[in-house]
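Okay, structure first, notes after.
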Amino acid sequence: TIEEKVLIGISDLRIETLIIDLSGIANMEMHVIDHFQKILTGISMMGCKAILTGLRADLVRTMIHSEISFEEKAETKGTLQQTLKEYLELHQM
């Protein structure tokens, strides 16, 4: 469902930057992480920049131990608030 909504939304709304807040996600199973990486690849293929925020320590720990990283496919920021502030300041100039 997320894959379909994201890719169609990018196409229909001509989204250039997609901010994905993961602060509500404490843990992801490996198959979900793998599929999420594929979604990030699709976002990039459509010419959209992905920014991930709110990665929790438990999720990051799981990814580190599994040698998984989203850094090549998306920019990461600490919080949604930080990301929105930076994005708005950048685009108000």
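Values quoted throughout were computed directly from the atomic coordinates according to the rules given, and no laboratory measurement underlies them. Only a predicted model underlies this, so the values are computations on that prediction, with no experimental measurement involved. Cβ atoms come from the backbone with ideal geometry, glycine included; neighbour counts cover every protein chain shown.
Most fluctuating residue of Ile15, Ile64, Ile43 in a GNM of the chain with Cα springs under 10 Å: which is it?
Ile64
Go ahead and estimate [θ] at 222 nm for the chain from helices alone: -39,500 (n - 2.57) per DSSP H run with n ≥ 4, summed, over the residue count, rounded to 500.
-16500 deg cm²/dmol
Mind jotting down a quarter of the surface of the convex hull over the alpha carbons of the chain, in square nanometres, one decimal?
If I average the Cα hull's projected area over directions, I get 6.2 nm².
Using a simple charge model, +1 on the beta-carbon of Lys and Arg, -1 on the beta-carbon of Asp and Glu, nothing else, what dipole does the chain show about its Cα centre, in debye to the nearest 20?
140
Cα-Cα over 21 Å: which of Lys5/Lys85; Lys38/Lys85; Lys49/Lys77?
Lys5/Lys85; Lys38/Lys85
For a quick check of your reading of the filter: which trypsin sites (Lys or Arg not before Pro) in the stretch 4-93 sit in a DSSP loop and have no more than 10 other Cβ atoms within 10 Å?
Answer by residue number: Arg14.
Is the shape of the stretch 49-93 best called rounded, prolate or oblate, per the rule: a/c under 1.5 gives rounded, else a/b larger than b/c gives prolate, else oblate, with a ≥ b ≥ c the square roots of the Cα gyration tensor eigenvalues?
Oblate, since a/c reaches 1.5 and b/c is not below a/b.
Quick one: go through the stretch 19-44 and flag any residue whose amide nitrogen is under 15 Å from the point 7 Å out along the Cα-to-Cβ line of Glu86.
19-22
Taking a ≥ b ≥ c as the square roots of the eigenvalues of the Cα gyration tensor of the stretch 23-65, is the shape rounded (a/c under 1.5), prolate (a/b larger than b/c) or oblate?
prolate
If amide H atoms are built 1.01 Å from N in the plane of the peptide, which residues on other chains or at least 5 residues away come under 5 Å of the amide H of Leu18?
For Leu18, whose amide H was placed from the backbone, the distant partners under 5 Å are Lys49, Ala50, Ile51.
If I stretch the segment between Ala57 and Asn27 completely, what's the gain in nm (0.36 nm per residue apart, minus their alpha carbon distance), one decimal?
Additional length available on full extension: 9.9 nm.
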